[in-house]
Amino acid sequence: KSCQTEKISTAEAVVQAHTNQDAGVQTDQSKDAVQDFQQEVQVDYTRLLSFLQRVEAVVIKELNKNWKSHAFDGFEVNWTDQNETVLCLHTLSYPEAQDQKLQVTSVSWNATGSVVACSYGRLDDGDWGSEKSYVCTWNLDRRGLNPQRPDLVVDVPSSVMCLAFHPSQPSLIVGGLFSGEVVVWDTSRIEDPLILRTGMTDDTHTDPVYQVNWLPDVKHRNHFQLLSASTDGKILVWREAQDGCLALAEGFAMVAQQIPRSIQLKKLAWGEAAVGVTSLSFSHFDPRVFIVGVEGGYSLKCSTAVETEALHRTGSSVPLRAPAELAFSPHGGPVYSVSCSPFHRQNLFLSCGTDGHVHLHSMLQAQPLISLQLSKKYLFCVRWSPVRPLVFAAASGEGKCDEKYLCFKGDVQLFDFEKSSQKPAVSIKQTTGESPVYCLEFNIKQTQLLAAGDATGTVKVWQLSSDFTEQGPREMNHLEQLASEVTD
């Protein structure tokens, strides 16, 4: 026998309402609320018109004041976070030069903005005129950059006091030596980069060369001549000659007796002595006009178009002319650096020197527009920004800080007249001790870069924040206002 349940039967069925209806639930708006709302939106246009007529004059007056106000000059809405710091990208040095206690006397960027060069020598006291020195270059775009191994090292038998890259040919560098010579190197020739030199002739400077420049040749398009300035009082223009020599094309001499001085300035008994040239800067708008800084503390406006011959100059293969046209109010010591503004047609320029002051000058008057005391001791270099009309950088020397004088030993100081006409916007600590910063240069191609060289033999490449590289909307107007402060 077996036991099993009966078969299980199953069935499926669908259950759904035959009709549906939607309904909303909300309290009814009371009649009182409707009346309150209608009362709120009612306007007495007669009284409103009367009010507007009464206050119209006052409102228009305030709007006109706001329209003419400069309270928000330079303000730009920027919803992105800006980099407010100044970063040190590279610390470059040549150990062999540092072992000799050599100092960085000059820095320069090449035409592409990717290569920085520095010259080694000494700017302090000592018998070092015949001491071996170097010119070094680093390509910052090269992979595997070694900051203590330059891409090129040029051995030089005399201290190199200054150098400058060619404005359009990236491999050419001109240098001025302590011996008075001017030389040109081609960095593409690794084995023998020296291609041009003045040699030691009657035309050669008899004192160290402190400034070199490339000058467009007005007679030959796309050609350049070389200019050199020295503390022997001569400013010489060189052209390429045969057999790798530089020949004197024209020249100028700074003789005290031939320097015109404003009646507002103190008359100094200079006599007929030569006036030593320490620095030079050409106008960006008139290629004939240049500013010269001299050992006597003056900045001088000069011109290459002068015809007057300099007094008591013999032994030169070409007649030397007297270029000075105006002397500006002096510093309290030798002027070490001058820099013409690249933005203003009235040729504003900066000067600095051993008195620790920076002067902002217009060529239209002898007295400075602004005088800034940055240090109790030396200022060695000053440069206008190539992209910000109201920004400049200054290299400070030795000295201790206090509250009265804004001195920062071994610092690079960045000024922004948009923010303050008396205090630096940023002070960059270049050296750890009291070693001065001797030279600095903005990078025209990569405008966020600034190179500075110091007495420890180090070149530091700083990356500037956007605050120093982006021009404000009314910045040129502010510069015009500074320039217009010309006294009678």
Test result for Val218, at pLDDT below 85 and aliphatic (A, V, I, L, M): yes
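For Ala425, state whether it is surrounded by 14 or more Cβ atoms within 10 Å (Cβ to Cβ) and more than 17 Å from Phe392 (Cα to Cα). So that I can check it myself, show each step before the final result.
Numbers: surrounded by 14 or more Cβ atoms within 10 Å (Cβ to Cβ): yes; more than 17 Å from Phe392 (Cα to Cα): no.
Judged against the criteria, Ala425 is not a match.
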Selection within region 316-360 - assigned to a strand (DSSP E or B) and of a type in the set (S, T, N, Q): Ser337, Ser339, Ser351
Selection status of Glu250, at pLDDT 80 or above and not in a helix (DSSP H, G or I): yes
Within region 150-167, tally of residues that are assigned to a strand (DSSP E or B), open to solvent by 20 Å² or more (accessible area, probe 1.4 Å) and out of contact with any Cys (no Cβ under 9 Å at 6 or more places or on another chain): 1
Test result for Asp203, part of a loop (DSSP other than H, G, I, E, B), acidic (Asp, Glu) and more than 24 Å from Ser281 (Cα to Cα): no
Residues of region 152-161 satisfying the condition of being within 21 Å of Leu440 (Cβ to Cβ) and not hydroxyl-bearing (Ser, Thr, Tyr): Val160, Met161
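Could you check region 375-395 and list, in sequence order, the residues that are at pLDDT below 85 and either of a type in the set (S, T, N, Q) or in contact with a Leu (Cβ under 8 Å, 6 or more places away or on another chain) (or both)? Before the answer, list the steps.
Residues of region 375-395 that are at pLDDT below 85, as a first pass: 375-377.
Hit for region 375-395 is Ser375, nothing else.
Suppose we keep only residues that are part of a loop (DSSP other than H, G, I, E, B), in contact with a strand residue (DSSP E or B) (Cβ under 8 Å, 6 or more places away or on another chain) and of a type outside the set (Asp, Glu) within region 206-235. Which one would you say is least open to solvent (accessible area, probe 1.4 Å)?
From region 206-235, those part of a loop (DSSP other than H, G, I, E, B) are 206-208, 217-223, 231-233; that's our starting set.
From the residues that got through so far, the ones that are in contact with a strand residue (DSSP E or B) (Cβ under 8 Å, 6 or more places away or on another chain) too are 206-208, 217, 223, 231-233.
Going one step further and asking which of them are of a type outside the set (Asp, Glu), we end up with 206, 208, 223, 231, 233.
Values: Thr206: 108, Pro208: 17, His223: 105, Thr231: 24, Gly233: 0 Å².
The qualifying residue least open to solvent (accessible area, probe 1.4 Å) is Gly233.
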Candidate set from region 284-318 (those that are free of Cβ contacts under 8 Å to residues at least 40 places away in the same chain and open to solvent by 80 Å² or more (accessible area, probe 1.4 Å)); member that is nearest to the chain's Cα centre (by Cα): Arg288
Subset of region 468-488 [part of a helix (DSSP H, G or I) and open to solvent by less than 50 Å² (accessible area, probe 1.4 Å)]: Phe468, Glu475, His478, Leu479, Leu482, Ala483
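The values are calculated or read from the model by the stated rules, or taken from the named source; none is laboratory data. Note that this is a predicted model, so its numbers are computed, not measured. With ideal geometry, Cβ positions are generated from the backbone for all residues, glycine too; neighbour counts draw on all protein chains shown. The protein model used for the area step is the full one, side chains on, heavy atoms only, and it has no ligands, DNA or RNA in it. Shrake-Rupley method; radii C 1.70, N 1.55, O 1.52, S 1.80 Å.
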